[in-house]
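Coordinate-derived values only; no laboratory data. Just so it is clear, the model here is predicted, and its values are computed rather than measured. All Cβ positions, even for glycine, are placed from backbone atoms using ideal geometry, and neighbour counts span all protein chains on display.
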Amino acid sequence: MSEKTAVYPGFFDPVTNGHLSIISRGLHVFDNLIVAILNNPHKTPLFSVEERIKMIKQSIKGKPQIEVDTFDGLLVDYAVKRNSNVILRGLRALSDFEYEFQMALMNRKLNRYVQSIFLMTDYKWFYTSSTIIKEAASFGGDVSGLVPKVVNEKLKEKFQQLKKT
C-alpha cells in the first residue's frame, strides 16, 4: 500500500492551536501532511512567510511526516505537483462551511481528481481564528493557550516593535 499525503493549505498568520489540532488529527488519517502556506498578494500578513514557516516548524517539532512549504497559484495544481490528490481543510462555523464548500466545488471543477476532505475543529477552538487572536494580541490581550508558546512570544515581540514605529 502506498503512503497517502494530504495538503493542508492556509495563510497561517499566525498558526494557532486550532491549526495544530487539525494537523495532529490529519495525521491519524494520512501518512504525511504538507502544511502549505499560501503566498496571497491580496492579503497583508503580520508575519513574513519565513517567520510563519519558522513558527510552524517550531510548533510541530518531532513530526517528520509533516513538511512545511509555500505555494502560489492554484491549490489543485500545487497538490498535483506534490503528488497528492487530497486537500485537507478544517471547519469551525457555518460561515466556514459556506466558503469551504464554494472552494471545494471550484477545486473539483478545476481538477476532478483532487478531493477535499474536511475535519471539524475541536470544540475548544471553535471560536478562534488567526484574525481574532492577532486583534486581541494587538491590544495586549493574553492569547496564551490559543497559540503555541513560540507564537505567543512572537506576537508580543511583533506588536511591541509596531508600537515603537
From the Cα centre of region 11-65 to that of region 96-165, the distance in Å is 10 Å
Rounded to 0.05, the calculated FRET efficiency for the beta carbons of Ile132 and Phe97 at R₀ = 22 Å is 0.75
Residue by residue through region 100-106, the couplings from Karplus 6.51 cos²θ - 1.76 cosθ + 1.60 with θ = phi - 60°, in Hz, x for Gly and Pro, are 5, 4, 4, 5, 5, 5, 5
extent check for region 28-74: Cα max minus min per principal axis, descending, whole Å, gives 33, 24, 13
When the charge dipole of the chain is computed with +1 at the Cβ of Lys and Arg and -1 at the Cβ of Asp and Glu, the Cα pointing farthest to the positive end, of Ser2, Ile132, Leu119, is that of Ile132
With Cα coordinates, the longest principal axis of the chain makes an angle with the long axis of helix 49-59, in degrees rounded to 10, of 90 degrees
Given unit charges at Cβ for Lys, Arg (+) and Asp, Glu (-), the dipole magnitude of the chain about its Cα centre in debye, nearest 20, is 160 debye
The correct pair for the chain, radius of gyration to one decimal and Dmax as a whole number, both in Å and from Cα atoms, is 15.9, 55
Note: Asn39 to Glu153 extended length (0.36 nm per residue) minus current alpha-carbon separation gives 38.7 nm
Counting lysine pairs in region 1-131 that sit 8 or more positions apart or on different chains, with Cα atoms under 26 Å apart, gives 20
